[in-house]
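Peer 1: This structure is in structure tokens; I'll ask about it shortly.
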Amino acid sequence: MDSSPAPQTKPLVVITGASSGIGEACARSFSAAGHPLLLVARRLDRLQALNLPENVICAQVDVTDRAKLKETIEQAVQKYGPVDCLVNNAGVMLLGKVQTQEPEEWQRMFDVNLMGVLNGTHAVLPSMIERRGGTIINISSIAGRKTLPDHAVYCSTKFAVHAFTEQIREEVAQYDVRLVNIAPGVVETELLSHSTDKKIVDDYKAWKSNMGQPMASEDIARCIMFAYEQPQRMCVREILVCPTRQDK
Ligand code: NDP
């Protein structure tokens, strides 16, 4: 009986910010669908604790480190072949009033939410263009479509992700490369826990509790899988989803 391993049939998927929340749910979904994965985050222990199969690489990388992100993706490509899908999910939301918030918090949001998306895109897009195929899924937000109180800088980063995604899509459409924007409303994750302004956090929690049930990370993972699993001839340009009771 032939004991050689079954040939790998599904292509490589890279997910940034896979150590919690939406990225974690997305990693589980792509893994269940049989894809080899490269999972990226700063908390390596959390990536490893997902306990996914052997064809999953966990890498401790900060998405703001462009060189390391590129090098890590290249190593995964050596092992599993070209990246067919990049999910640019890593993000931070540091709510605040611009007149009082520490500028370092603005910088961090731009570095992770926008530069991280650019860094990931830069690492995979040339090969996708050359191969004439591939999908880049950017996790933006409803905060990339409309402004919200205390979200001025966060919204600015997410509006930028929308602008970038729209324009790059036009530029690479001729190469059969898809760019997808996923724009969720409130999802129950660790995202809010990094904001430092107690009153703003409390107000947000009160708003969220009025909503009844916010969305779960798995809800967004389903949207991501839906967009990715369509035939390459069809590009789901954007999915905007919110809890039914979200009022803004
Ligand atoms: P979480 O805080 O649970 O997840 C954020 C992820 O990003 C973590 O895995 C974190 O990993 C990673 N991350 C943060 N900074 C970096 C960095 N510098 N380098 C690498 N990874 C990093 O929040 P969510 O799951 O909610 O957030 C995921 C995305 O969804 C974000 O882009 C967010 O803006 C977006 N979003 C979330 C919504 C919500 O209501 N939750 C609504 C709309 C959009 P680690 O700390 O280990 O590095």
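The values are calculated or read from the model by the stated rules, or taken from the named source; none is laboratory data. Everything numeric here is computed off the predicted structure, so don't read it as measured data. Heads up, the Cβs are rebuilt from the backbone with ideal geometry, glycines too, and the neighbour counts pull from every protein chain shown.
Peer 1: With within 14 Å of the ligand (Cβ to nearest atom), among the small types (G, A, S) and in contact with a strand residue (DSSP E or B) (Cβ under 6 Å, 6 or more places away or on another chain) as the only criterion, which of A59, A76 stands out?
Peer 2: A59
Peer 1: How do the pairs read when you match residues in region 75-86 that are free of Cβ contacts under 8 Å to residues at least 40 places away in the same chain and over 17 Å from M225 (Cβ atoms) with residues anywhere that are charged (D, E, K, R) and surrounded by fewer than 21 Cβ atoms within 10 Å (Cβ to Cβ), using Cβ under 9 Å and keeping only pairs 6 or more apart or on different chains?
Peer 2: none
Peer 1: Of a type in the set (V, I, T) and exposed (fewer than 14 other Cβ atoms within 10 Å of the Cβ), is that true of T72?
Peer 2: Against the criterion (of a type in the set (V, I, T) and exposed (fewer than 14 other Cβ atoms within 10 Å of the Cβ)), T72 does not qualify.
Peer 1: Can you work out which of the residues in region 93-145 that are among the small types (G, A, S) and assigned to a helix (DSSP H, G or I) is nearest to V186 (Cα to Cα)?
Peer 2: If we take residues in region 93-145 being among the small types (G, A, S) and assigned to a helix (DSSP H, G or I), then A143 is nearest to V186 (Cα to Cα).
Peer 1: Take the conditions within 14 Å of the ligand (Cβ to nearest atom), under 27 Å from Q230 (Cα atoms), β-branched (V, I, T) and in a helix (DSSP H, G or I) and apply them to T165. Does it pass?
Peer 2: Yes; evaluated as a whole, the condition is true for this residue.
Peer 1: Here's something else I'd like to know. Scan region 41-53 and tell me whether some residue there is over 19 Å from I220 (Cα atoms), surrounded by 15 or more Cβ atoms within 10 Å (Cβ to Cβ), within 16 Å of the chain's Cα centre (by Cα) and more than 9 Å from the ligand (Cβ to nearest atom).
Peer 2: No: region 41-53 contains no residue that is over 19 Å from I220 (Cα atoms), surrounded by 15 or more Cβ atoms within 10 Å (Cβ to Cβ), within 16 Å of the chain's Cα centre (by Cα) and more than 9 Å from the ligand (Cβ to nearest atom).
Peer 1: Taking the residues in region 28-40 that are of a type outside the set (S, T, Y) and not in a loop (DSSP other than H, G, I, E, B) as candidates, determine which candidate is farthest from the ligand (Cβ to nearest atom).
Peer 2: In this case the residue turns out to be A32.
Peer 1: Let me ask you something else. Could you say whether any residue in region 89-102 is at pLDDT 95 or above, within 15 Å of the ligand (Cβ to nearest atom), within 14 Å of V40 (Cα to Cα) and of a type in the set (V, I, T)?
Peer 2: No.
Peer 1: Given the criterion among the hydrophobic types (A, V, I, L, M, F, W, C), within 10 Å of the ligand (Cβ to nearest atom) and either crowded, with 17+ Cβ neighbours inside 10 Å or at pLDDT 95 or above (or both), identify the matching residue among V201, V180, V153, V187.
Peer 2: Of V201, V180, V153, V187, the one residue that is among the hydrophobic types (A, V, I, L, M, F, W, C), within 10 Å of the ligand (Cβ to nearest atom) and either crowded, with 17+ Cβ neighbours inside 10 Å or at pLDDT 95 or above (or both) is V187.
Peer 1: Also: Just a yes or no: is a residue in region 20-27 among the small types (G, A, S) and in a loop (DSSP other than H, G, I, E, B)?
Peer 2: Yes - at least one qualifying residue is present in region 20-27.
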